[in-house]
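The values are calculated or read from the model by the stated rules, or taken from the named source; none is laboratory data. Quick caveat: nothing in here was measured; it's all calculated off a predicted structure. Here Cβ is always computed from backbone atoms with ideal geometry, including for glycine, and neighbour counts include all displayed protein chains. In case anyone asks, the SASA skips ligands and DNA or RNA and just uses the protein heavy atoms, side chains included. Shrake-Rupley method; radii C 1.70, N 1.55, O 1.52, S 1.80 Å.
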Amino acid sequence: MSVALVTLVALVATTGAPARAAERTATTAGPCTYAHLWVQPKVVLSVPDRTANATVTTDCQDFEYFTNTWDSWSGMAGGTVQGTVIFLTDHTTTARGIDALPQIFDTSRLGVWTWTPERTLPPLTLDDLNTVRMDVRVGSASYVSARRSGATVTVSTRSYRYWTSTHAFGTWGRATGVIEWRTPGTTTWHGLKNVYADNLGRYSYRYTVSAVREYRVRTFDQPYVWGFPSTVPARA
């Protein structure tokens, strides 16, 4: 059971108010035609757990009955519920809003989470709530070094990724990407050589060039891993 849902059950238990479907009673007159969830589209998981950003927009006015007026969305991935977002519409400003932001654990399912409407109360229907997707993948890090011998430059790269099995970063074997170069003092990167890392995440490329250049490596996204460019360029 999600933290948000546990909180809701606890509130019902302490107040004695049943979480049943009931007409929303507006404290002020106004429309009530939609409630739309927004979640951050890209989640980089590089720690055992993290909180995702989420908001709900609606044209509904404030409502009474704390435990009776709420909308919820379920985050589905791999056919299993990964979490629940509950939007409370209490008449007090301190209670109105998302009960608990989505919490993502590295034991959760990686990939695309689809947040679908689960519950609402009149006058809204489930058709008035939206469906939204969130892509959850582990993070990565890459490093580059370069050395020159005469007119020959050797560019070496190392790639790492977060592993949910160890809850830590480790080598990223078979990572793919591209070595890029730029002229010192400029900002435009140019492709030089595709990267195909070995089992330890290593790759090396040697070529002949007389000009001094800066180098970086940019790893590509994979189905459950976000690629990332190295942050500190090498010069040779």
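Residue by residue through the range 41-58, note down the ones that are surrounded by 14 or more Cβ atoms within 10 Å (Cβ to Cβ) and either basic (Lys, Arg) or within 9 Å of the chain's Cα centre (by Cα) (or both). Passing the criteria: VAL43, VAL44, LEU45, ARG50, ALA52. Checked across the range 63-78, the condition of being modelled with pLDDT under 95, surrounded by fewer than 18 Cβ atoms within 10 Å (Cβ to Cβ) and closer than 28 Å to ALA141 by Cα holds for at least one residue.
Looking at the range 136-150, which of its residues are open to solvent by 30 Å² or more (accessible area, probe 1.4 Å) and either within 24 Å of GLN103 (Cβ to Cβ) or among the hydroxyl-bearing types (Ser, Thr, Tyr) (or both)? Once the filter is applied, which keeps residues that are open to solvent by 30 Å² or more (accessible area, probe 1.4 Å) and either within 24 Å of GLN103 (Cβ to Cβ) or among the hydroxyl-bearing types (Ser, Thr, Tyr) (or both), the range 136-150 yields ARG137, TYR143, SER145, SER149. Has the range 106-120 got any residue that is under 13 Å from VAL225 (Cα atoms), touching a His at 6+ places or on another chain (Cβ under 8 Å) and outside any strand (DSSP E or B)? Yes, because at least one residue in the range 106-120 is under 13 Å from VAL225 (Cα atoms), touching a His at 6+ places or on another chain (Cβ under 8 Å) and outside any strand (DSSP E or B).
Okay, residues lined up against (1) more than 13 Å from the chain's Cα centre (by Cα); (2) on the phi > 0 side of the Ramachandran plot:
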position	(1), (2)
GLN103	no, no
ASP106	no, no
GLY111	no, yes
ASP127	yes, no
TYR143	yes, no
GLY150	yes, yes
ARG161	yes, no
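Step by step: first the residues of the range 151-174, then only those that are in a strand (DSSP E or B) and without any contact (Cβ under 8 Å) to a residue 12 or more places away in the chain, then the one that is most open to solvent (accessible area, probe 1.4 Å). Which residue is that? Among residues in the range 151-174 that are in a strand (DSSP E or B) and without any contact (Cβ under 8 Å) to a residue 12 or more places away in the chain, the one most open to solvent (accessible area, probe 1.4 Å) is ALA168.
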